[in-house]
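The values are calculated or read from the model by the stated rules, or taken from the named source; none is laboratory data. All values derive from a computational prediction rather than experimental measurement. Glycine gets a Cβ as well: all are built from the backbone with ideal geometry, and neighbour counts include every protein chain shown. We work out accessible area using only protein heavy atoms, side chains counted, and drop any ligands, DNA or RNA first. Shrake-Rupley method; radii C 1.70, N 1.55, O 1.52, S 1.80 Å.
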Amino acid sequence: MTIAATPRLVLRNWTEAPTDLARLYDMYSRPEVARFLGTSANLPLTDPAQVLDRLAWWRERHADHGDRYGTWAIEVRDSGLAVGTALLKPLPGRDESQLTDDIEVGWHLHPDSWGHGYATEAARALVDRELATGTPVVHAVTHPENTASMAVARRLGMTHIGRRTDWYGGEELETFVLRRPA
């Protein structure tokens, strides 16, 4: 199912197709991808079978949200290659079991797809869609050393508001916000 589209990209559900499963494993088994995704993410993956568990976890986490929130594949229209993951969802609180009212946009890209503007383009489509629903502010949170993701947040026009520990089990994260225009 297509969630959003841009001139170059389609944001769609990850599937259990062999190509999606292989790409997910290839991406999330890489230390350079997993290093900034937090201690609670259970990454990097070490067995291809873990991809099915990850897909089931994403589906369960977003089951009550319809297609408004989720974790989706970023696919390049011309090639059909899934280059990464885009997400839009309520941020989990300090205990990680309760969701907050704060909405997060995020992205994880395969290293072979870094530097092409895909994260910014995919995130912009999700942020624009979410702000159009009336949500007053969208957040992006990054590991303090993840300068590439901080650059994406800035390209989205997000404002850096400093380090916060409100979400993801109290992990200290650089926080960016984009407010709906008045």
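The table for this structure:
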| read-out | value |
| --- | --- |
| Centroid-to-centroid separation of the range 114-147 and the range 10-65 [C-alpha atoms, Å] | 19 |
| Apportionment of accessible area to carbon and sulfur, the range 1-81, percent (1.4 Å) | 52 |
| Where the chain is the region considered: accessible area per residue in Å², 1.4 Å probe | 49 |
| The range 1-157: C-alpha gyration tensor shape, a/c 1.5 cut-off, then a/b vs b/c | rounded |
| L81 long-range amide H proximity, modeled H, under 5 Å | V76 |
| Cα-centred dipole magnitude for the chain, charges only on beta-carbon of K, R (+1) and D, E (-1), debye, nearest 20 | 560 |
| Average projected area [Cα convex hull, the range 64-182], square nanometres | 7.8 |
| Theoretical ellipticity at 222 nm over the chain - DSSP helices of four or more residues, -39500 (n - 2.57) apiece, nearest 500 | -8500 deg cm²/dmol |
| Rounded percent of accessible protein surface that carbon and sulfur make up, the range 111-181, 1.4 Å probe | 50 |
